[in-house]
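*Asks:* The structure follows.
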Amino acid sequence: MSENSDWLDIEAQLQETKELFTEVEQRFLQVRRDSLKQQELQIHQEQIRAQIQDISGDRPSGNSKSSNKSKIRRKPNARKLTTKTGNPHPPNPHKEELLKQLQQVEEQLEQIEADLESRLLSWSSFHEPFWQVVRFVGIGIIIGVILRSCAG
C-alpha cells in the first residue's frame, strides 16, 4: 500500500506543479501585455507632447534648408492679441484637448507601472518558497548539530 500512496503523492505534486506553472505562464503573458501597452502609451505620450509644442510655438518650424541668414521678426502688437480676460494668447481648444489626452495617457502609464510592480512582489508568490527555505534550513541545522555531537 505504501507504493500506491507514493504514486498518489507524486500525482498530487505533479498537479500542484502544473498549477504553479500555469500561474507563472499567465503572469508572464500579463507582464508582456502590460509592457507592450506601456511602450505604446509612451510613444503616444511623446507624440502628444510634440503636438502640444507645435501648437504652442515652442519648437521651431524646422525649415533647415533655408538660408543661414537670420531673419528679423517683428514682435506682434500685444494689444491686438489680448482677449477679454487679458490673456495675450487666445485659448486653443485643440491644445486643451491634447493636454487632457496627455493627462489620461500619463494616468494609464502610472496604473500600468503600479500593476507591474505590485504583481512582481507579492506575499503569495513568496509564501511557499519562504516556508520551504525555513523548513530545509531548520532540518540542515538539526542534522549539523547531530553530526557534530556524534563526531565530537
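Values quoted throughout were computed directly from the atomic coordinates according to the rules given, and no laboratory measurement underlies them. The shown structure was predicted, so the numbers you read here are calculated from the model rather than taken from an experiment. Cβ: placed from backbone, ideal geometry, glycine included. Neighbour counts: every protein chain shown.
*Asks:* State the extension gain, in nm to one decimal, for the chain segment bounded by residue 8 and residue 150, taking 0.36 nm per residue of separation less the distance between their alpha-carbons.
*Replies:* 47.4 nm
*Asks:* By average Cβ neighbour count within 10 Å, what is the ranking of 144-151, 30-37 from highest down?
*Replies:* 30-37, 144-151
*Asks:* Order these peptides, 13-19, 44-50, by their mean beta-carbon neighbour count within 10 angstrom, highest first.
*Replies:* Peptide ranking by packing, descending: 44-50, 13-19.
*Asks:* At a 10 angstrom cut-off on C-beta neighbours, averaged per residue, how do the peptides 99-107, 20-28 rank from highest to lowest?
*Replies:* Sorting 99-107, 20-28 by mean packing, highest first, produces 99-107, 20-28.
*Asks:* Note the full-extension length gain between residue 36 and residue 50 as 0.36 nm times their separation in residues minus their Cα-Cα distance, in nm to one decimal.
*Replies:* Using 0.36 nm per residue and subtracting the Cα-Cα distance, I get 2.9 nm.
*Asks:* Then there's this: Under 12 Å Cα-Cα from residue 95, which aspartates and glutamates qualify once same-chain neighbours fewer than 8 residues away are excluded?
*Replies:* Within the straight-line limit of under 12 Å, residue 95 reaches these aspartates and glutamates: 54.
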